[in-house]
Amino acid sequence: MKKRNSLIFISLILLVSCSKVNIENENKAMMDRLREKKESTEKLRIEKEEVLYLDECIDLALKNNTQIKLKEIESQIAKIDKNISFGNFLPKISAMYSISELDRYMSATIPAPDVTLGVLGGITLPSLPVTLTSRMVDKDFRNYALSAQLSIFVPATWFLYSAREKGENISLYTEDLTKKMIKLKVISEYYYIMALTSEKIVLEKEYDYAQKLNKNAKLALKTGSILKWQEEETELLVQQKENALKNNDRDLKIAKMNLMNDMGLDPNVEFRFVIPEETL
């Protein structure tokens, strides 16, 4: 019983050790990929001078997006499956060769008396043999065979090939549709960032105006020109504009991170997205 418990305990230790090694390897591989992504993104940022235009974002998304890469792999697999199913229409040729060797020795016994030839100098000479051995068959046989088979009317084969062909076409349509959807998504996210950027400019002006209004309201309250509740309304307006700016900043960061992820870039690297009219 103790021996069994010891074996179970050792097995658990080995299992935990192997799992720990696998997790460490996976973590190391993930960190290496993240580091490579960050380095390539930083290189792109220097190359583009921290500015990305809409057409550049679309090209990067079509090149690096993981969904598009997955659909491309699925299209390749569907094409391979179709080619494999087409192999059922190819002729099947088989060859056979065999050899039979018939060279056995056959023995025959001939009854004969034991006759001694004589005595010479006191030595008895051998008698005549009573058993004869000879090869009765002296020939080898060789067989050759060559066969070929071609499937002409096999419904299951035609059905399988048709299904694989349709699967390839569907995968191509899916790949093309995925590219269009990614392109549309990038465009919508890009212009959403532009809208948030424009909103930020407006909110900053409104916040400055609210602060000036609150400052004037405090001066007017000291002189008795307005009441306390009127001055508190200006303070509430300042808080509202401040909260609106914080929400805008949060939404803008999230929108930029989503766009960077769709382009396959490191979301922590800062880029400036320019309205297309500014490029003219």
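Can you go through GLU47, GLU56, GLU74 and tell me which one is modelled with pLDDT under 80 and either surrounded by 15 or more Cβ atoms within 10 Å (Cβ to Cβ) or among the charged types (D, E, K, R) (or both)?
Details: GLU47 fails: modelled with pLDDT under 80; GLU56 fails: modelled with pLDDT under 80.
Unique residue meeting the criteria: GLU74.
Of the residues that sit in the stretch 251-269 and are part of a loop (DSSP other than H, G, I, E, B) and of a type outside the set (D, E, K, R), which one is surrounded by the fewest Cβ atoms within 10 Å (Cβ to Cβ)?
This residue is ASN268.
Please work out if LYS166 is closer than 30 Å to LYS92 by Cα and either open to solvent by 100 Å² or more (accessible area, probe 1.4 Å) or more than 39 Å from the chain's Cα centre (by Cα) (or both).
Values: closer than 30 Å to LYS92 by Cα: yes; either open to solvent by 100 Å² or more (accessible area, probe 1.4 Å) or more than 39 Å from the chain's Cα centre (by Cα) (or both): yes.
Judged against the criteria, LYS166 is a match.
Criterion first (touching a residue at least 12 places away in the same chain (Cβ under 8 Å), open to solvent by 70 Å² or more (accessible area, probe 1.4 Å) and within 30 Å of TYR53 (Cβ to Cβ)) does ASN248 satisfy it?
So ASN248 does not fit the description; no.
Tell me, which residue of the stretch 219-245 that is touching a residue at least 24 places away in the same chain (Cβ under 8 Å) and among the charged types (D, E, K, R) is surrounded by the most Cβ atoms within 10 Å (Cβ to Cβ)?
In this case the residue turns out to be LYS241.
Any residue at all in the stretch 210-218 that is free of Cβ contacts under 8 Å to residues at least 12 places away in the same chain, touching a helix residue (DSSP H, G or I) at 6+ places or on another chain (Cβ under 6 Å) and not polar (S, T, N, Q)?
The answer is no, given that none of the residues of the stretch 210-218 is free of Cβ contacts under 8 Å to residues at least 12 places away in the same chain, touching a helix residue (DSSP H, G or I) at 6+ places or on another chain (Cβ under 6 Å) and not polar (S, T, N, Q).
Name the residue, out of TYR173, TYR190, TYR209, that is in contact with a Leu (Cβ under 7 Å, 6 or more places away or on another chain) and either open to solvent by 50 Å² or more (accessible area, probe 1.4 Å) or not β-branched (Val, Ile, Thr) (or both).
Details: TYR173 fails: in contact with a Leu (Cβ under 7 Å, 6 or more places away or on another chain); TYR209 fails: in contact with a Leu (Cβ under 7 Å, 6 or more places away or on another chain).
That would be TYR190, the only listed residue that is in contact with a Leu (Cβ under 7 Å, 6 or more places away or on another chain) and either open to solvent by 50 Å² or more (accessible area, probe 1.4 Å) or not β-branched (Val, Ile, Thr) (or both).
Under 9 Å between Cβ atoms, which residue pairs at least 6 apart in sequence (or on different chains) link something in the stretch 61-76 that is free of Cβ contacts under 8 Å to residues at least 12 places away in the same chain with a partner that is part of a helix (DSSP H, G or I)?
From the stretch 61-76, the pairs are LEU70/THR178; GLN76/SER171.
Output yes when any residue across the stretch 185-206 is polar (S, T, N, Q), more than 18 Å from LEU54 (Cβ to Cβ) and assigned to a helix (DSSP H, G or I), and no when none is.
No: zero hits.
Quick check on the stretch 270-280: of everything there that is open to solvent by less than 70 Å² (accessible area, probe 1.4 Å) and modelled with pLDDT of 85 or more, which residue is farthest from LEU34 (Cα to Cα)?
Only one residue tops the list, namely PHE273.
Does any residue in the stretch 26-41 that is open to solvent by 70 Å² or more (accessible area, probe 1.4 Å) come within less than 8 Å, Cβ to Cβ, of a residue that is of a type in the set (S, T, N, Q) and modelled with pLDDT of 70 or more six or more places away or on a different chain, and which pairs are these?
Cβ pairs passing all conditions: LYS38/ASN268.
The values are calculated or read from the model by the stated rules, or taken from the named source; none is laboratory data. Please read all numbers here as calculations on a predicted model, not as lab measurements. Neighbour counts are summed over all protein chains in view; Cβ atoms, including those assigned to glycine, are modelled from backbone coordinates with ideal geometry. Protein only, heavy atoms only, side chains kept; ligands, DNA and RNA dropped before computing areas. Shrake-Rupley method; radii C 1.70, N 1.55, O 1.52, S 1.80 Å.
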